[in-house]
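Reading through the structure tokens given below for one structure.
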Amino acid sequence: MKHTLLIALLITCNSLSFSNSIHAVKDTCFTDDVFIDTDGKPINAHGAGVLYYKGIYYLFGEVKKGNTWLVPKQNWEDFRVPAGGVSCYSSTDLKHWKNRGVVLKSTTNKPGYDLDTSMVIERPKVIYNEHSKKFIMWMHIDKNDYSYSQGGVAISDKPFGPYKYLGSVKPNDQMLRDMTLFKDDDGKAYLIYSSENNNTMHVCLLSNDYLTTTEIYTRILVNKGRESPAIFKNQGKYFLITSGCSGWSPNAASYAVADNIMGPWEERENPCKGENAEVSFFSQGGFVLPVANKPGSFIFMGDRWNKTDLEKSTYLWLPVHITNDKIEIY
Ligand code: GLA
């Protein structure tokens, strides 16, 4: 039903004019059927993030390719595909996406190495460092049982790679699982990640070169059990959308608002509104994309996981409606 509604929404969206920024955002919203690249192939970029650099959007995501299997002896539905590395697509209009290839490749036959196909490489995000003129990627690196819980970092001279892998860390000796990256207006950058066995999120300041974590971090959403953080800033306020922890199955999102990224964060209800809002329209958010040159216009980017065939997972992008310090997604 929601699917039908989304198609209807899409058709409606496409008939809207660009007369204001929210219409421009709506014009880019889409669901499963329409997220193909300029070669007509399905876009393979899951748990994705977007970098905007010199007039071009670069989409980075997990390559999910191959058979899905269930890791034995886990107390949750630990469905996995071989880690396929990180893909990149570029676009100038958010609608036509050119495949730029796998910009951080996984390796075979190196058991235990962070980028081995037997590992987990999830939720890659890229930001640009103005001082070093390098593009910095962070991602969640794990073992199949999620016991490793580290943040991996890679670097490139160009947005579309190739990226050189530098290694992984447990920031301040703390677990890092679902994560995102945020570069603030003052050039400082932060890693935001599910920590403490997914019970509590951490916001950790990165070093000036964005390559290492610092000892400056704060614990937020304490004992709330949240994951898949997606952060954005509008008119000086920070908004953080998260999901609950139910593996690949969708659940209700919630959000938090702050005047300072290090907190305090005021926790709010589910921003999704309408039918199937309680399962985030069968998606899990992972990034909020600021539309370039359209202040106040943001796109919620969600994954629609197909847990028993992860390669077939699709996407849901919807506009974020902002009224002062409140947001709604529909
Ligand atoms: C959650 C996370 C995903 C992935 C799965 C694995 O959905 O958000 O990134 O790690 O769990 O079960």
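The values are calculated or read from the model by the stated rules, or taken from the named source; none is laboratory data. Here the structure is a predicted model, which is why all the values come from computation and not from measurement. Glycine also receives a Cβ, built like all others from the backbone with ideal geometry; neighbour counts cover every protein chain displayed.
Key figures for this structure:
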read-out	value
Subset tally (residues that are β-branched (Val, Ile, Thr) and more than 19 Å from the chain's Cα centre (by Cα)) for region 152-188	1
Strands (runs of 3 or more DSSP E) completely within region 78-160 that count 2 or more residues being within 16 Å of the ligand (Cβ to nearest atom) and free of Cβ contacts under 8 Å to residues at least 60 places away in the same chain	83-91, 120-129, 134-142, 150-156
TYR52 being surrounded by fewer than 19 Cβ atoms within 10 Å (Cβ to Cβ), aromatic (Phe, Trp, Tyr) and either in a loop (DSSP other than H, G, I, E, B) or away from the ligand (no atom under 16 Å from the Cβ) (or both)	yes
Residue in region 267-285 that is within 16 Å of the ligand (Cβ to nearest atom), surrounded by 20 or more Cβ atoms within 10 Å (Cβ to Cβ) and in a strand (DSSP E or B) present	yes
Residue within region 223-237 that is within 16 Å of the ligand (Cβ to nearest atom) and not in a strand (DSSP E or B) present	yes
Residues being in contact (Cβ under 8 Å) with a residue 24 or more places away in the chain, assigned to a strand (DSSP E or B) and within 16 Å of the ligand (Cβ to nearest atom) - total across region 238-254	5
Conditions (1) touching a Pro at 6+ places or on another chain (Cβ under 6 Å); (2) hydroxyl-bearing (Ser, Thr, Tyr); (3) free of Cβ contacts under 8 Å to residues at least 60 places away in the same chain; (4) under 27 Å from GLU196 (Cβ atoms): number failed by THR180	(3)
Residue within region 20-30 that is modelled with pLDDT of 95 or more and in contact with a Leu (Cβ under 6 Å, 6 or more places away or on another chain) present	no
Test: residue in region 188-207 that is touching a residue at least 60 places away in the same chain (Cβ under 8 Å), part of a loop (DSSP other than H, G, I, E, B) and over 26 Å from GLY112 (Cα atoms)	no
Test: residue in region 57-74 that is crowded, with 19+ Cβ neighbours inside 10 Å, modelled with pLDDT of 95 or more, of a type in the set (Phe, Trp, Tyr) and within 16 Å of the ligand (Cβ to nearest atom)	yes
Inter-residue pairs, beta-carbon under 6 Å, first farther than 27 Å from SER246 by Cα and touching a residue at least 24 places away in the same chain (Cβ under 8 Å) and in region 280-301, second among the β-branched types (Val, Ile, Thr) and part of a loop (DSSP other than H, G, I, E, B), 6+ apart	SER297/VAL291
Test: residue in region 173-186 that is on the phi > 0 side of the Ramachandran plot and not acidic (Asp, Glu)	no
